[in-house]
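S.K.: Got a structure for you, written out below as structure tokens; questions coming shortly.
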Amino acid sequence: MSPSEASIAALSLGLGLVGQPPAEQVCRPFAESVSLCLTLRAEEPRALVRADLATLGLSEEQAFAKATAAARASLGPTRPEQAAIADMSAGYWLSAEGDGLDHAPMLFPDQVKARVGDQARVAVPTPGVWLAWTAGSDELDRVMAVAVARMVEADAQAITAKVFTWDEQSGAWQVWGQARR
């Protein structure tokens, strides 16, 4: 399936993290066990494959730049949104709009830190779901780990049960732990 003329004109590109992408998908290594992959955001969103780049008249670099700009523009006061956990004073942040940009916060760790705190824990358990919470509570870590593990177990297209934190020294997301039930 090739992109429609309307999709090409709009150049509506998204991005997401993927566990093990197919070779033809346009991706870059991102963090341990995940790659950053481009998506074509159309009526039926799908992975952007290398053959699409020629159709769109874009280099891989241009495509990533357009998707990154869309990702930055998608972030705002309600993305990611803060959510409460029943019977707990702590909460978490969520991006799950299903628009191909839900993993966008991962590209902007400074914005994650501004919203969640310096010691943010971040998970991308499934396509279209980004979760974050503030470190410091063993109970919250347990609750979120169980939630992440359940999402991964329930989704055949799960990405990873790994939980990440931003490492200032390396300038990269590092694995903090593996979510388990």
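S.K.: Among [x] 1.76; [y] 1.15; [z] 1.04, only one was calculated for this model; which label is it, if the read-out is Cα Rg over 2.2 N^0.38 Å?
M.R.: Checking each listed value against the structure points to [z].
S.K.: Sticking with this structure for a sec: Determine the gain in length on full extension of the stretch residue 46-residue 154; use 0.36 nm per residue of separation and subtract their C-alpha separation, reporting nm with one decimal.
M.R.: Residue separation times 0.36 nm, minus the Cα-Cα distance, leaves 36.8 nm.
S.K.: Still on this structure, please answer the following. Obtain the nm distance between the two label points defined at residue 146 and residue 54 by a simple spin-label model: each point lies 7 Å from its Cα along the Cα-to-C-beta direction.
M.R.: With each label point 7 Å from Cα toward Cβ, the separation is 5.3 nm.
S.K.: Just to check, using Stokes-Einstein with a Kirkwood Rh over alpha carbon pairs, what's the diffusion coefficient of segment 5-74 at 25 °C and 0.890 mPa s in µm²/s?
M.R.: The estimated diffusion coefficient comes to 202 µm²/s.
S.K.: Also: State the answer as a single residue: which of 132, 76, 13 lies farthest towards the positive end of the charge dipole of the chain, with beta carbon charges of +1 for Lys and Arg and -1 for Asp and Glu, about the Cα centre.
M.R.: Towards the positive end, the residue furthest out is 132.
S.K.: Taking neighbour Cβ counts within 10 Å as the exposure measure, how do 165, 39 sort from fewest upward?
M.R.: Least to most surrounded, the residues fall as 165, 39.
S.K.: Then there is this: If you fit an axis through the alpha-carbon atoms of helix 138-154 and take the longest principal axis of the Cα set of the chain, what angle between them do you get, 0 to 90°, nearest 10?
M.R.: 40 degrees
S.K.: Now, a different point. Taking Cα centroids, how far is segment 137-176 from segment 22-68 in Å?
M.R.: 24 Å
S.K.: Here is a follow-up. Collect residues whose amide H, placed 1.01 Å from N in the peptide plane, falls under 5 Å from the amide H of residue 162; neighbours closer than 5 in sequence don't count.
M.R.: It is 179, by chain and number.
S.K.: What percent do you get for the relative contact order of segment 48-131 when only Cα pairs under 8 Å and 6+ apart count?
M.R.: Reported as a whole number, the value is 24 percent.
A short reminder: the numbers here are calculations on the coordinates, not readings from a lab. All values derive from a computational prediction rather than experimental measurement. Neighbour counts are summed over all protein chains in view; Cβ atoms, including those assigned to glycine, are modelled from backbone coordinates with ideal geometry.
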